[in-house]
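Remarks on the structure that follows.
The values are calculated or read from the model by the stated rules, or taken from the named source; none is laboratory data. As the structure is a computational prediction, the values presented were derived from the model and not from experiment. Counting neighbours? That spans all protein chains shown, and the Cβs are built from the backbone with ideal geometry, glycine included. Calculation scope for accessible area: heavy atoms of the full protein, side chains included, ligands and nucleic acids excluded. Shrake-Rupley method; radii C 1.70, N 1.55, O 1.52, S 1.80 Å.
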Amino acid sequence: MTAFDVAIRADAALGEGPTWDARGQRLIWVDILGSRVHTYEPLSGRRTVMVTEQHVGAAKPRAGGGLVVNLRDGVGLYGPSGSSGSSGSPGSPEGFRWLHRELVPGRRGNDAAVAPDGALWAGSMRYDEARGGGALSRIAADGTVHTLLDDVTVSNGTGWSPDGRLMYYIDTPTRRIDVFDIGEDQLPRERRALVTTGADEGYPDGLTVDAEGCVWVAFWDGGAVRRYTPDGVLDRVIDLPVRRPTACAFGGADLTDLYITTARTGLAAPHPLSGSVLVVPGAGKGLAQPAFAG
């Protein structure tokens, strides 16, 4: 088993969306069902927590400071102090406003990612996970929305190849890792399966792409993170003691440490580390993640 450390011992119900904020040299992650945005600075050990008024599927840094968040009722923005606060306190959100609000009863925001052009790709799902009840949409800096997929079930991992010419995407119940070509208009097209995973592997959830163009995927109910080459060949497995890893991202000053969020929700007897953030030092070499342009 690849050696891992516990970066943050926590009891998040549904830890998700790890993102390395290069400017702040910190990890941003969320507890979706706990309605909390967390930050962690590895060098100092400093942690912050901000409570949101709705379930929060993802939080990403903005180019001008602050955060863009994928909430239950749409996508919103916090100002530069929107992620401040000491561990255990709600923080001091500054200047929250909605960028795109879309009230759909029974639906919430889920995973999201920032594209190389600075747009946010935000996914959604129904609380009851009804088939086809979610969507995947591109949110531009000015709030313009382009819905690419309007019939997904559990919209999850999204990422781009190092040259920006491919987009990877997971709708978890399909058990597939899909890939799109990116056109000159920066919109995906020609969706096809890169990998179809087996029922014994769990469900593909969040993903990240490394500097070699390989795709790392956390497997819900699979207790592992798996890496696939650009051709879809499985070449590495990181086994974990927790049953429900949810997502992964490279971080640290040189982007070589793989951070992994985990969940406790739905488990009758969760492992003591379920809900914590794990880290695999020196796992590989990640890509710098762009900030949201809005």
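Could you list all residues from region 245-257 that are surrounded by 17 or more Cβ atoms within 10 Å (Cβ to Cβ) and part of a loop (DSSP other than H, G, I, E, B)? Spell out how you get there, then give the answer.
We begin by selecting, within region 245-257, every residue surrounded by 17 or more Cβ atoms within 10 Å (Cβ to Cβ); these are 245-252, 255-257.
The answer is 252, 255, 256.
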Only one of 181, 185, 239 that is out of contact with any Leu (no Cβ under 7 Å at 6 or more places or on another chain) and either among the aliphatic types (A, V, I, L, M) or closer than 21 Å to residue 139 by Cα (or both): 185
For residue 206, indicate whether it is open to solvent by less than 10 Å² (accessible area, probe 1.4 Å), outside any strand (DSSP E or B) and touching a Ser or Thr at 6+ places or on another chain (Cβ under 8 Å). no
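Which of the following residues is free of Cβ contacts under 8 Å to residues at least 40 places away in the same chain and either open to solvent by less than 10 Å² (accessible area, probe 1.4 Å) or among the β-branched types (Val, Ile, Thr) (or both): 152, 114? Before the answer, list the steps.
Numbers: 114 fails: free of Cβ contacts under 8 Å to residues at least 40 places away in the same chain.
Being free of Cβ contacts under 8 Å to residues at least 40 places away in the same chain and either open to solvent by less than 10 Å² (accessible area, probe 1.4 Å) or among the β-branched types (Val, Ile, Thr) (or both) holds for just one of 152, 114, which is 152.
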Given the condition loosely packed, with under 14 Cβ neighbours inside 10 Å, under 22 Å from residue 233 (Cβ atoms) and free of Cβ contacts under 8 Å to residues at least 40 places away in the same chain, answer yes or no: does some residue in region 171-186 qualify? yes
From the options 242, 237, 279, 225, residue that is open to solvent by less than 30 Å² (accessible area, probe 1.4 Å), in a strand (DSSP E or B) and without any contact (Cβ under 8 Å) to a residue 60 or more places away in the chain: 225
Give just the number: which of (1) open to solvent by 20 Å² or more (accessible area, probe 1.4 Å); (2) among the β-branched types (Val, Ile, Thr); (3) without any contact (Cβ under 8 Å) to a residue 60 or more places away in the chain; (4) touching an Asp or Glu at 6+ places or on another chain (Cβ under 9 Å) does residue 37 not satisfy? (1)
